[in-house]
1. Just a yes or no: is a residue in region 10-24 among the small types (Gly, Ala, Ser), assigned to a helix (DSSP H, G or I), closer than 22 Å to Leu94 by Cα and without any contact (Cβ under 8 Å) to a residue 24 or more places away in the chain?
2. Which of the residues that make up region 227-270 are in a helix (DSSP H, G or I), touching an Asp or Glu at 6+ places or on another chain (Cβ under 7 Å) and surrounded by fewer than 20 Cβ atoms within 10 Å (Cβ to Cβ)?
3. I'm trying to understand the selection: among the residues of region 248-284, which are of a type in the set (D, E, K, R) and at pLDDT 90 or above?
4. Residue under question is Pro91, and the condition is that it be part of a helix (DSSP H, G or I) and at pLDDT below 85; does it hold?
5. Filter region 301-317 for residues that are closer than 19 Å to Gly250 by Cα, surrounded by 12 or more Cβ atoms within 10 Å (Cβ to Cβ) and either charged (D, E, K, R) or free of Cβ contacts under 8 Å to residues at least 24 places away in the same chain (or both) and give the result.
6. Return yes when Tyr219 is closer than 20 Å to Thr190 by Cβ, touching a residue at least 24 places away in the same chain (Cβ under 8 Å) and aromatic (Phe, Trp, Tyr) and no when it is not.
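The values are calculated or read from the model by the stated rules, or taken from the named source; none is laboratory data. The structure displayed is predicted, hence computed values, not measured ones. Cβ: placed from backbone, ideal geometry, glycine included. Neighbour counts: every protein chain shown.
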Amino acid sequence: MERILYFLPSKPQPLWVRYSTTTAIMAICIAVQMGLYTQSGFVGLFFLLPGIFLAGIMFDRGSSLYATALGALFAYLSLRPSVTFAGYVLPVVLFSVTGAAIGLVAEALRTEMEKVVRAEKAKTVLLMELAHRTKNNLAMLSAMMRLQAKLPGVSTSEALTEMSERVRIMAQVYDHLTIRADRKVVDARTYLMEICQHLTASISGMSPVAVKADADELYIHSEQAVPMAIVVNELVTNSLKYAFPEGQAGLIQVTLRANEEVVLSVTDNGVGMRSDVADGVGARVVSLLAQQLGGTITRENLETGCRVTLRMPKSHV
């Protein structure tokens, strides 16, 4: 299909190119028809129809209708001297109807071929992007596992649990993919809401801490969605682990604002951050992912609790 389109002129062509080329094509067909008539006396108009089809598939319906008009004019001029009015009107009318139909079919065929080729190209691009995204996700997982392995005092069970949650976050992004202009984008608001709902469900009955989300409408590229989601997961998990000791009740608020830039914040009303505690794997992962997103991370203690904020450029999708 793509090879056929390769031999056809691109659309649209200038008006004079379309009509002069169509005239040349029909002139060749008429010459063949006249040569056949001279040699055999055959007066059929079948050899004009390929010219109409070629004009339609090369250019547009206007060119095919113009070719039909040229063929009908030739039919009229060639038949009128030798037959009566009734004898040439019906053949000319039938030829015109047939030629117009063939021209419209030719244009529709070209349109469908172009759609198929565009779809094949889009599929190829999306498959390449998927392979690239999968490779990057695996590299991200590998880096986080190396960070986890370097941290002393963490049990194997705890490390595997944390990594399985990160893998789940990565897999979950594919449930929210939307195709826009041959690109994969994610509804960030719905995605983050679902993550927070899952985190709330995971601690239900075990912790008196609530996780709530408030997000603006935002569509982002799929390669940004995974790092952003992991940042939310790490920050909320850190708050659950350290902000509310001894079963203390509390609230973790996840907020996403999308104006000139994207601002993602996780705020809790727990005990706040201690300056004398070294960063763990979660904090390092968050810092690395913020760099990957081209953003910055800020941490601040509040009167009650603390807030961690990710600021990143807003992409256009």
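1. No, there is no match, as no residue in region 10-24 is among the small types (Gly, Ala, Ser), assigned to a helix (DSSP H, G or I), closer than 22 Å to Leu94 by Cα and without any contact (Cβ under 8 Å) to a residue 24 or more places away in the chain.
2. Of everything in region 227-270, nothing turns out to be in a helix (DSSP H, G or I), touching an Asp or Glu at 6+ places or on another chain (Cβ under 7 Å) and surrounded by fewer than 20 Cβ atoms within 10 Å (Cβ to Cβ).
3. Selection gives Arg257, Glu261, Asp268.
4. yes
5. Arg307
6. Taking the combined requirement at face value, the residue satisfies it.
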